[in-house]
Amino acid sequence: MANIKTAISIEKPLFEEVEALAHKMKVSRSHLFTLAARAYIQNHKSRKLLEAINAAYSDLPDIEEEKLMAQMKSNHQRLVKDRW
């Protein structure tokens, strides 16, 4: 995969933390930024997926619907009780 050079501006304290962590991990700053960007993107995708899952399950039946379904189930059982 081709690499693309880019220039970014960050605050000096953050740069110093990045520099120290890259040194500790024995990787280049570029590699550390790549790892951080990938992790951030994956985290963002995971959050979006979680939001979609939560939205899908947010339409659960309320108490009134639960009661109605219980009544329907009871009525159905009574109707088919001796037929099977």
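The values are calculated or read from the model by the stated rules, or taken from the named source; none is laboratory data. Because the structure is a prediction, the values reported are computed rather than measured. Here Cβ is always computed from backbone atoms with ideal geometry, including for glycine, and neighbour counts include all displayed protein chains.
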Practice task
Return the pairs, sorted by first residue and then second, in which the second residue is surrounded by 10 or more Cβ atoms within 10 Å (Cβ to Cβ) and assigned to a loop (DSSP other than H, G, I, E, B), the first residue lies in the stretch 6-18 and is free of Cβ contacts under 8 Å to residues at least 40 places away in the same chain, the beta carbons are less than 9 Å apart, and the residues are 6+ apart or on different chains.
Solution key: Val18/Ile10
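Among the residues in the stretch 22-41, are any at positive phi and either at pLDDT below 95 or not in a helix (DSSP H, G or I) (or both)?
Residues of the stretch 22-41 that are at positive phi, as a first pass: 26.
With either at pLDDT below 95 or not in a helix (DSSP H, G or I) (or both) added as a condition, the list becomes 26.
Yes.
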Exercise for the section: From (1) assigned to a helix (DSSP H, G or I); (2) more than 23 Å from the chain's Cα centre (by Cα); (3) exposed (fewer than 10 other Cβ atoms within 10 Å of the Cβ), pick out the condition that doesn't hold for Arg83. Expected result: (1)
Exercise for the section: Residues being in a helix (DSSP H, G or I) and of a type in the set (Asp, Glu): count how many of those fall in the stretch 42-80. Expected result: 4
